[in-house]
1. Among (1) surrounded by 18 or more Cβ atoms within 10 Å (Cβ to Cβ); (2) farther than 21 Å from residue 116 by Cβ, there is one condition residue 60 misses while meeting the rest; what is its number?
2. When only residues in region 73-112 that are within 17 Å of the chain's Cα centre (by Cα) and acidic (Asp, Glu) count, which is surrounded by the fewest Cβ atoms within 10 Å (Cβ to Cβ)?
3. List pairs: first in region 39-61 and within 12 Å of residue 12 (Cβ to Cβ) and at pLDDT 95 or above, second loosely packed, with under 12 Cβ neighbours inside 10 Å and among the polar types (S, T, N, Q), Cβ under 9 Å, 6+ apart or cross-chain?
4. From the list 119, 125, exactly one residue is surrounded by 14 or more Cβ atoms within 10 Å (Cβ to Cβ), over 23 Å from residue 17 (Cα atoms) and either touching a strand residue (DSSP E or B) at 6+ places or on another chain (Cβ under 8 Å) or not hydroxyl-bearing (Ser, Thr, Tyr) (or both). Which is it?
5. Which residue out of 82, 98 is in contact (Cβ under 8 Å) with a residue 24 or more places away in the chain and either among the aliphatic types (A, V, I, L, M) or under 24 Å from residue 17 (Cβ atoms) (or both)?
6. If the Cβ limit is 9 Å and pairs must be 6+ apart or interchain, which residue in region 15-29 that is under 16 Å from residue 62 (Cβ atoms) pairs with which residue that is among the hydroxyl-bearing types (Ser, Thr, Tyr)?
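The values are calculated or read from the model by the stated rules, or taken from the named source; none is laboratory data. In this text, all values refer to a predicted model and were calculated from it rather than measured experimentally. FYI the Cβ positions are ideal-geometry reconstructions off the backbone, even for glycines, and counts take in every protein chain you see.
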Amino acid sequence: MSGRYLLDTNIIIALFAGEASIVNNLAQADEVFIPSIALGELHYGARKSGRSQKNLERIEEFVANNTIIECDASTARQYGDVKNRLRINGRPLPENDVWIAALALQYGLTLVTQDAHFQEVESLQTVSW
């Protein structure tokens, strides 16, 4: 399987847990990117965990070995469009997920996620491993 992928937070967590399907599919991907929003969610999770320092170190190691995509003015425009379309359709998503979807659309990436609600975002390509 080739392609360019953006990883949702739940996929990164599954990767940290060593889920074989995630590890195997990532090994076959051409390019993999991490949204900065997912890093924020990971940092929050690490700080509220019982193994905060160990989890924070794991995140930092992960960041050092991956390409992080950050939000910019183009992302903000994409976010506004996505959020408005979801509002019109009566299908709101969690705020962080709207930002993640905006990044995937901005860069033409397939979003790897276990969240079915991303299917509500028009033109967003998703896959669940």
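1. Only one criterion is unmet by residue 60, namely (1).
2. Here is the first cut: in region 73-112, the residues within 17 Å of the chain's Cα centre (by Cα) are 75-76, 78-79, 82-83, 93-112.
Applying the additional criterion that residues be acidic (Asp, Glu) yields 95, 97.
Numbers: 95: 11, 97: 23.
Applying the filter and picking the extreme gives 95.
3. 46/53
4. Values: 119 fails: surrounded by 14 or more Cβ atoms within 10 Å (Cβ to Cβ).
Only one candidate qualifies: 125.
5. Working: 98 fails: in contact (Cβ under 8 Å) with a residue 24 or more places away in the chain.
Criteria check complete, one pass: 82.
6. Cβ pairs passing all conditions: 26/5; 29/2; 29/5.
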